[in-house]
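The values are calculated or read from the model by the stated rules, or taken from the named source; none is laboratory data. What you are looking at is a predicted structure, and each value in this text was computed from that prediction instead of being measured. Cβ coordinates were reconstructed from backbone atoms using ideal geometry, including for glycine residues, and neighbour counts include every protein chain displayed. Just so you know, the surface numbers come from the protein's heavy atoms only, side chains and all, with ligands and any DNA or RNA stripped out. Shrake-Rupley method; radii C 1.70, N 1.55, O 1.52, S 1.80 Å.
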Amino acid sequence: MASGWLAACSDDDASPPDVPAAEAGAADQQTPSTSDGATSVDAPSDVLVEDEDAGDAGPSDAGADADADADLPVLVRVSGAVDFHGRLEGAEVSVLSPSPQTTVSDAEGNFFFFVPLGSTVVTKVTPPPDAGALPMIRGIVARSPSRPRVYYLLGLDEVEAASVLGLTVDPTKAIVEVDFRNAPVGGYSATMKDGETVLEPDFGVAFDENDTPHVTLSTVAGGGGSTQLYGNVPPGNASFTPHLPADAGPCTPCDAPAVPLQPNVVTWYDFECGTATDCF
């Protein structure tokens, strides 16, 4: 198992304790359970809320006129969990777009929001000040249902330990983790661009099949080694283009078309490079 700095890049180490190793797969492939007490932002009364069980939308106000309902936006529930050496309570979870919302992760690390169906949802998790971890940003397109995302936070001590690899992390730049979910081999990488400007990292790190870190800009193993970290990336609003090894199958983007990169914040992005059907 990977240890020390960048251990969060190893999918095996990232698996939450309630998911058997055989089912873990890529990082955040698991679905967090949502308790009745999960902290959330309630849906407003003047919208239609998508009923995931029924498969169609129903008005949140049963007495609303059908013609009026047709003009109401449809909201869907998006959910996730915060993990830092186990599920983390008390993290601030903020929707940066399409419209600001803020909540706090519950005792099991869970949270959820209601957002417009089809909207691009960018969410930032900020851990409690005493947690010793960096904030993380992820972005998705709201679908019904949407796969819950787990935010595996990176520890400050791990970042400071970058020196053991001969690396220096610049707090004025971003850290990016790209997960090539279920990639069977190594050799995957990604280009990040803000418009036409390429956002070049100063370094990259990936783990091999023995969980040994390598300073590299492309993955060196499949399976649990399919996550690539990029360090000291210029801030911006990044789109991601995958680069695949020869004879590899396609990689499908699972997340928002573009995601913010902020100073001293980790941005995570998913591609599905295997046969899993729960990418979104």
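Details
- Output for the stretch 70-92, where each listed residue is in contact with a strand residue (DSSP E or B) (Cβ under 9 Å, 6 or more places away or on another chain) and of a type in the set (Asp, Glu): 83, 89, 92
- Residue match in the stretch 235-253 (condition: under 19 Å from the mean Cα position of the chain (by Cα), in a loop (DSSP other than H, G, I, E, B), at pLDDT 95 or above and crowded, with 19+ Cβ neighbours inside 10 Å): no
- Near pairs, Cβ below 7 angstrom, 6+ apart or cross-chain, from the stretch 156-174 (more than 11 Å from residue 266 (Cβ to Cβ)) to any residue that is open to solvent by 80 Å² or more (accessible area, probe 1.4 Å) and part of a loop (DSSP other than H, G, I, E, B): 162/168
- For the stretch 184-216, the set of residues classified as over 19 Å from residue 274 (Cα atoms), of a type in the set (Ser, Thr, Tyr) and either under 18 Å from the mean Cα position of the chain (by Cα) or crowded, with 22+ Cβ neighbours inside 10 Å (or both) consists of 191 only.
- Residue check for residue 176: under 18 Å from the mean Cα position of the chain (by Cα), surrounded by fewer than 20 Cβ atoms within 10 Å (Cβ to Cβ) and of a type in the set (A, V, I, L, M): no
- When restricted to residues that are within 17 Å of residue 252 (Cβ to Cβ), part of a strand (DSSP E or B) and over 10 Å from the mean Cα position of the chain (by Cα), the stretch 121-150 contains 1.
- Residue 219 falls short on exactly one of the conditions (1) touching a helix residue (DSSP H, G or I) at 6+ places or on another chain (Cβ under 9 Å); (2) not in a loop (DSSP other than H, G, I, E, B), and that condition is (2).
- Of the criteria (1) touching a residue at least 40 places away in the same chain (Cβ under 8 Å); (2) in contact with a strand residue (DSSP E or B) (Cβ under 8 Å, 6 or more places away or on another chain); (3) at negative phi; (4) open to solvent by 10 Å² or more (accessible area, probe 1.4 Å), which one residue 181 fails: (4)
- A single entry from 267, 219 fulfils the requirement of being in contact (Cβ under 8 Å) with a residue 24 or more places away in the chain, crowded, with 24+ Cβ neighbours inside 10 Å and over 25 Å from residue 142 (Cα atoms): 219.
So that you can scan it fast, the table gives a plain yes or no per residue for (1) modelled with pLDDT of 95 or more; (2) over 29 Å from residue 72 (Cα atoms); (3) aliphatic (A, V, I, L, M):
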position: 103; (1), (2), (3): yes, no, no
position: 141; (1), (2), (3): yes, no, yes
position: 144; (1), (2), (3): no, no, no
position: 151; (1), (2), (3): yes, yes, no
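- Some residue of the stretch 186-193 being within 11 Å of residue 235 (Cα to Cα), free of Cβ contacts under 8 Å to residues at least 60 places away in the same chain and outside any loop (DSSP other than H, G, I, E, B): yes
- Candidates 208, 255, 202: the one that is among the charged types (D, E, K, R), touching a residue at least 60 places away in the same chain (Cβ under 8 Å) and in contact with a strand residue (DSSP E or B) (Cβ under 7 Å, 6 or more places away or on another chain) is 255.
- Candidate set: the stretch 202-216, residues that are in contact with a helix residue (DSSP H, G or I) (Cβ under 9 Å, 6 or more places away or on another chain) and of a type in the set (D, E, K, R); chosen: the one modelled with the highest pLDDT: 208
- Selection within the stretch 91-106: residues that are outside any strand (DSSP E or B) and among the polar types (S, T, N, Q). The member of this set that is least open to solvent (accessible area, probe 1.4 Å) is 105.
Results for (1) free of Cβ contacts under 8 Å to residues at least 40 places away in the same chain; (2) closer than 18 Å to residue 268 by Cα, shown as yes or no for each residue.
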| residue | (1), (2) |
| --- | --- |
| 91 | no, yes |
| 100 | yes, no |
| 114 | no, no |
| 122 | no, yes |
| 126 | yes, yes |
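- Scanning the stretch 222-260 for residues that are farther than 22 Å from residue 195 by Cβ and either touching a helix residue (DSSP H, G or I) at 6+ places or on another chain (Cβ under 6 Å) or of a type in the set (Phe, Trp, Tyr) (or both) gives 224, 227, 229.
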